Amino acid sequence: MDRMTKEASVEELKGIFSNGSVVIAHYSGMTVAEMTALRVKLRETGGTFKVVRNRLAKIALSGKASEGASDYFNGPVGIAFSEDFTAAPKAAVAYAKDNEKFKILGGFMEEEVLDADGVVTLSKMPSREELIATVAARLLGQAGEIVSRITSPAQTLAGQIQVIGEKAEA
């Protein structure tokens, strides 16, 4: 790689490292078909897998709050990343269960550096869409409860008026 290509790679990695979550893993011994399957699985969830040069990744991390993750960049390392904090960890952990050659070392999101167990824990959290759906359902449930409580006295009064009217006709 010439100097310009290295500088462009470092800038690209800085952009990747500043958004979302990153899972760092060894991929030693994986075939092209296995790498393609991993990339497809990540792409389905909005993530990407990229093989990185350790030295360039360490340069991109230097000076950032997540600089502690630079210890994971040793040997043949690739990164799975996504803007959604749980998408890349979910796909990477699911793939690691099926393929023993893919070993998760750790990861980070913003300034939080995670070990392998931390990545597994992050993968079990609900996604952004699931959290939004949960909040929306709760808000709609509360709104329905408010409407029923506001209309309840009026319905009671209408029922009582109807009973009085039926007695007067009889």
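The values are calculated or read from the model by the stated rules, or taken from the named source; none is laboratory data. This structure is a prediction, so every number in the text was calculated from the model and none was measured. When we count neighbours, we look across all protein chains shown, and the Cβ atoms used for this are built from the backbone with ideal geometry, even at glycine.
Taking the residues in the stretch 71-84 that are within 21 Å of the chain's Cα centre (by Cα), surrounded by 18 or more Cβ atoms within 10 Å (Cβ to Cβ) and not β-branched (Val, Ile, Thr) as candidates, determine which candidate is nearest to residue 126 (Cα to Cα). If we take residues in the stretch 71-84 being within 21 Å of the chain's Cα centre (by Cα), surrounded by 18 or more Cβ atoms within 10 Å (Cβ to Cβ) and not β-branched (Val, Ile, Thr), then 82 is nearest to residue 126 (Cα to Cα).
Take the conditions more than 17 Å from residue 104 (Cα to Cα), in the same structural domain as residue 110 (by TED's automatic domain parsing) and assigned to a loop (DSSP other than H, G, I, E, B) and apply them to residue 29. Does it pass?
Working: more than 17 Å from residue 104 (Cα to Cα): no; in the same structural domain as residue 110 (by TED's automatic domain parsing): yes; assigned to a loop (DSSP other than H, G, I, E, B): yes.
Taking the combined requirement at face value, the residue does not satisfy it.
Within the stretch 88-109, the set of residues being small (Gly, Ala, Ser) and touching a residue at least 60 places away in the same chain (Cβ under 8 Å) comprises 88, 92, 96, 106, 107. Quick check on residue 80: is it more than 27 Å from residue 2 (Cβ to Cβ), without any contact (Cβ under 8 Å) to a residue 60 or more places away in the chain and in contact with an Asp or Glu (Cβ under 6 Å, 6 or more places away or on another chain)? Against the criterion (more than 27 Å from residue 2 (Cβ to Cβ), without any contact (Cβ under 8 Å) to a residue 60 or more places away in the chain and in contact with an Asp or Glu (Cβ under 6 Å, 6 or more places away or on another chain)), residue 80 does not qualify. Of the residues making up the stretch 21-68, just one is hydrophobic (A, V, I, L, M, F, W, C) and modelled with pLDDT under 85, namely 65. For the stretch 94-108, a residue qualifies if it is within 17 Å of the chain's Cα centre (by Cα), of a type in the set (A, V, I, L, M, F, W, C) and within 19 Å of residue 16 (Cβ to Cβ), and the qualifying residues are 104, 108.
For residue 68, the conditions (1) in contact (Cβ under 8 Å) with a residue 60 or more places away in the chain; (2) closer than 17 Å to residue 119 by Cα all hold with the exception of (1). Filtering the stretch 32-58 to residues that are farther than 28 Å from residue 7 by Cα and part of a loop (DSSP other than H, G, I, E, B) leaves only 45.
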